[in-house]
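See below for the structure under consideration.
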Amino acid sequence: MKASWYAEALYAALSKRATESDFKKVFARFRKVVSSRGHDRLFPFVTRELEKIVAREKIKNEVVLVTADNKSISKWSHAYDHYEKDGIIPKGANRRDVVDESIVGGFQIRTRDTLIDGSYKKSLINLYRKITN
């Protein structure tokens with residue numbers, strides 16, 4: 001049995017629970033099952049694997065709001081709120097604000113698998129290509 005398998009099972013069981021007493025019950029049951037199978041020596045490795053899983057899930061739930069400068073963050077926060085309200089961005093995701101001067105203006109909202117591009121960069125590049133061709 002691999003420690004990562006135990007960690008995945010424990011994470012799945014804990015993510016469905018809401019209260020601290022539920023967490024304690026699940027963890028007590030988990031320890032009992034692992035001990036009954038004779039895999040006590042895997043507990044330190046399960047802890048490490050569980051930390052990796054939590055870090056991976058945190059990255060999955062991260063949404064990046066990219067703007068041209070610090071002043072634009074407050075200006076484009078309403079767009080972020082709009083997309084979150086519509087369900088395009090997962091609700092309760094961790095928002096990280098990033099300043100990227102190369103986008104000139106506007107905003108980009110990036111998730112693990114989605115890019116919402118409301119920046120001026122793409123329009124300016126297309127205009128440049130039309131002028132030069």
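Bear in mind that the values in this text are calculations on the coordinates, not laboratory data. What you see is a predicted model; the values in this text were computed from it and never measured. Cβ coordinates were reconstructed from backbone atoms using ideal geometry, including for glycine residues, and neighbour counts include every protein chain displayed.
Remarks
- Evaluating 6.51 cos²θ - 1.76 cosθ + 1.60 at θ = phi - 60° for every residue in region 119-129, the Karplus couplings come out as 8, 8, 4, 5, 5, 5, 5, 4, 4, 4, 5 Hz, glycine and proline recorded as x.
- Percent antiparallel among DSSP beta bridges (both partners in region 62-132, rounded to 5): 60
- Between 0 and 90°, nearest 10: helix 43-60 axis offset from the chain longest Cα axis: 20
- Degrees between helix 70-85 axis and first principal axis of the chain (Cα, 0 to 90, nearest 10): 60
- Global geometry of region 62-108, whether rounded, prolate or oblate, following the gyration tensor of its Cα atoms and the 1.5 cut on a/c: prolate
- The chain shape via C-alpha gyration tensor axes, a/c threshold 1.5: prolate
- Remark: spin-label model distance Ala9-Asn70 equals 5.0 nm, labels positioned 7 Å along the Cα→Cβ axis.
- A simple spin-label model places the labels of Ile131 and Phe27 6.1 nm from each other, with each point 7 Å out along Cα-to-Cβ.
- Tilt relative to the chain, helix 20-36 - C-alpha long axis, 0 to 90 degrees, to 10: 60
- Counting only DSSP beta bridges whose two residues both lie in the chain, roughly 60 percent are antiparallel.
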